[in-house]
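Contents: one structure, followed by commentary.
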Amino acid sequence: MNSAKIAPNPAKLTPNLGLKDRNTFGLDATAELAYEITCAEQLPALFREFADKKQVWRALGGGSNVILPNQLPGATLLINILGQDISQSDEQNTWVSVGAGLNWHEFVSWTLEQSLPGLENLALIPGTVGAAPIQNIGAYGVEIGQYIDSIEAFDTEAHAFITLPQTACQFAYRDSYFKQHPQRFIVTKVVFKIPKAWKPRLQYADLANQFTDPNYTPSAKEIFAAVCAIRSQKLPDPKVIGNAGSFFQNPIVANEQYELLIQKFPNLISYPDTPGMRKLAAGWMIDQCGFKGQRLGPVGVYEKQALVLVNHGGGDSTDILHLAKTIQDKVQQTFGVQLHIEPNIL
């Protein structure tokens, strides 16, 4: 009997593929060579070909955290690796293996259907499972890194697959080992470790205000629904108006700088961070600078949430980055705080 492994079908290639529907800003970008990656095993042969041709490349998931230029030369890898299953379980935890191309919100919804609470605070964040740990996405007091057991990825320098345990991923606020080494790793699978002991996380005011009865403990599904409602009220639907969600990171400053700021701006919104540090609300500062609802050509700042930049139609990466620089300069001038852009600029 021949036990040789069957080679996967090669990745589908589409020249000059429009990516307007593949990025949530709705930017009219074109990929010179678009490869659809449906299984991890397609990558080694592809990168041998890239090495021979000295081909430039980049990977693209759901396009929810990127700013695309008008033209993407070389190869664009569309990561469409799907599938999720419970791979292991013991008395304390459940392990779930998930393909990198699965929609993040759909995965969170699936975990609740499987009675695996824990990720509900991260509901309705756009993008894919594979892109989520690169940015260490977080919302309402929860970060994805807290629930990751390991990540499988293709190392494009070593031309080999690797598995990084959670401790090696170097998760920090909107940061990870993968983000620190751009253009090296392509995430193919994420293994989550979800504890069976669960309690609600309601420390953020917006979420706590949804459950005001001190004698009532909401379920994970109720928190999921509340998070979806809050995000829908605050953030525009990318299908209606182009955006990438929160455009700037909430800056983290030392307590000494915070004390000086609070004297000058008593209404400054902030949250405790690591010892000796405070996280400032970037949206509040942008709002105080008068940008909420303002337009600059075809792009602007969302009228309901100053942390969100929007494409009203016809805008490109140059328009968005010009608006971002205008906001950064004004916040620096007013508060002495540097805002950092959250989406990746390709």
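The values are calculated or read from the model by the stated rules, or taken from the named source; none is laboratory data. Just so it is clear, the model here is predicted, and its values are computed rather than measured. Counting neighbours? That spans all protein chains shown, and the Cβs are built from the backbone with ideal geometry, glycine included.
The table for this structure:
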{"item": "Residue match in region 237-246 (condition: more than 19 Å from residue 172 (Cβ to Cβ), touching a helix residue (DSSP H, G or I) at 6+ places or on another chain (Cβ under 7 Å) and surrounded by 14 or more Cβ atoms within 10 Å (Cβ to Cβ))", "result": "no"}
{"item": "Selection within region 119-128 - farther than 15 Å from residue 228 by Cβ and out of contact with any strand residue (DSSP E or B) (no Cβ under 7 Å at 6 or more places or on another chain)", "result": "127"}
{"item": "Hey, residue 26 part of a loop (DSSP other than H, G, I, E, B), outside the structural domain of residue 146 (by TED's automatic domain parsing), under 22 Å from residue 129 (Cβ atoms) and not charged (D, E, K, R) or not", "result": "no"}
{"item": "Conditions (1) more than 30 Å from residue 236 (Cα to Cα); (2) surrounded by 15 or more Cβ atoms within 10 Å (Cβ to Cβ): number failed by residue 60", "result": "(1)"}
{"item": "Residue 188 more than 20 Å from the chain's Cα centre (by Cα) and in the same structural domain as residue 132 (by TED's automatic domain parsing)", "result": "no"}
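To keep it simple, each residue is scored yes or no on (1) within 18 Å of residue 221 (Cα to Cα); (2) in contact with a strand residue (DSSP E or B) (Cβ under 7 Å, 6 or more places away or on another chain).
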{"residue": "103", "(1), (2)": "no, yes"}
{"residue": "117", "(1), (2)": "yes, no"}
{"residue": "130", "(1), (2)": "no, yes"}
{"residue": "135", "(1), (2)": "no, no"}
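Residues checked against (1) buried (at least 20 other Cβ atoms within 10 Å of the Cβ); (2) touching a Pro at 6+ places or on another chain (Cβ under 9 Å):
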position: 114; (1), (2): no, no
position: 136; (1), (2): yes, no
position: 149; (1), (2): no, yes
position: 154; (1), (2): yes, yes
position: 159; (1), (2): no, yes
position: 168; (1), (2): no, no
position: 193; (1), (2): no, no
